[in-house]
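Each reported figure results from applying straightforward, stated rules to the coordinates on display, with no laboratory input. Quick caveat, the model's predicted, so the values are computed rather than measured. Positions of Cβ are generated from backbone atoms using ideal geometry, with glycine treated the same way; all protein chains shown enter the neighbour counts.
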Amino acid sequence: MNLGQSSNDVIPTALHLAGLLAIHEVLEPAVETLRRDLEVKSKEFWGVVKTGRTHLQDATPIRLGQVFLGYAGQMERAKRRLAHAREELESVPLGGTAVGTGVNTHPEFARRVCAKVSAAAGVTIRETDNHFQAQATLDAVVEAMGSVRTVAVSLLKIANDVRLLASGPRCGLGELRIPEVQPGSSIMPGKVNPVIAEALIMAVAQTIAADQAVLQSGQWGFFELNTMMPVAAHNFVQAVEVLGAATRGFAERCVRGTAATARGPEMVEQGLAICTGLVPYVGYDKAAAVAKEAAKTGRTVREVAAALSYPT
């Protein structure tokens, strides 16, 4: 029965296939769903002008739609990174048998089996062109997991931004209003916590931890075999599935119902960084003096500039 294969080439092939299926069936569709929803919100929010922030300080104005266009762009690039992860996993060591030499296997075994498995699974796998590296290492899985980790970090930025922009509603930034998906806190009636964004943040933390486990697994390949495949498989596949589920939940239960408030536009005039528009007319030093005077007196940049007969 076992004339053409070994656990040394079958198990890593199964690992690659499981990872491919998880990315194809769970994470990629979730990322695309989030990308579309963010793009819809970008168009919806295009007319909303707010204060930008760099270093957590007021910066020049930006459209809220541009902010969400940036988020959508992150997810567009996340799709490319996942495509790279799939490309790494598509090359499998099947056919190498014990140590990569292919001893005891039919020369067409791997090619034929890969074709049948690809047709049945709906994802493409192909025999590696170098069995020795494919069986002696977990390099492809480490690389693929790195791409997934990068996607997770992108998601972390978006989730954190959304919950901070929705903070308040009265004593925070309050520029976004997120859907109410819980009745309130256990002690404070009516309090709306950003639990969906926080669920995604926790999934990201789990993914980053899994990436470290996969990285450690990749370091423990000796001679013709890496024996850390079980822990790599567990962490990689679980991380992809958890991150995909959290991403879809964030899109469907948070982003879709998010609305802009009047807070952002109301605060634009109060921002100090709009003095940047004065620089071409009065120079950097005088524009900075206007900003400092506005901060000290509580007046707007426009009011201080007008008092000095600067262009407003």
Gyration tensor verdict on region 46-185 (Cα atoms; rounded if a/c is under 1.5, prolate if a/b is larger than b/c, oblate otherwise): prolate
The ³J(HN,Hα) series, computed from each phi in region 76-90 with the Karplus coefficients 6.51, -1.76 and 1.60 at θ = phi - 60°, rounded to the nearest Hz and given as x for glycine or proline, is 4, 6, 4, 4, 5, 5, 5, 5, 5, 4, 4, 4, 4, 7, 5
About the Cα centre of region 144-262, what is the dipole size in debye to 20, counting +1 per Lys and Arg Cβ and -1 per Asp and Glu Cβ, all else neutral? 440
Need the C-alpha centroid separation for region 260-312 versus region 110-133, integer Å. 63
Considering the options V141, G122, V195, tell which one lies farthest towards the positive end of the dipole of the chain, charges being +1 on Lys and Arg and -1 on Asp and Glu at the Cβ, about the Cα centre. V195
Toward the positive end of the charge dipole of the chain, about the Cα centre and with charges on Cβ (Lys, Arg +1; Asp, Glu -1), which of T297, L20, S185 goes farthest? T297
For region 201-295, rounded, prolate or oblate, judged on the Cα gyration tensor with a ≥ b ≥ c (square roots of eigenvalues), a/c < 1.5 rounded, else prolate if a/b > b/c? oblate
Filter on K50/K296; K41/K286; K157/K191; K50/K286 - keep pairs with C-alpha separation over 29 Å: K41/K286
Considering Cα pairs under 8 angstrom that are at least six residues apart, work out the relative contact order of the chain and quote it in whole percent. 23
Enclosed volume per residue, in Å³, of the convex hull spanned by Cα atoms of the chain: 178
Under the classification rounded if a/c is under 1.5, otherwise prolate if a/b is larger than b/c and oblate if not, where does region 78-159 fall, given a ≥ b ≥ c as square roots of the Cα gyration tensor eigenvalues? oblate
The size of the Cβ-based charge dipole (Lys, Arg +1; Asp, Glu -1) of the chain about the Cα centre, to the nearest 20 debye, is 1180
Computed magnitude of the charge dipole of region 33-124 (debye, nearest 20; Cβ of K, R +1, Cβ of D, E -1): 220
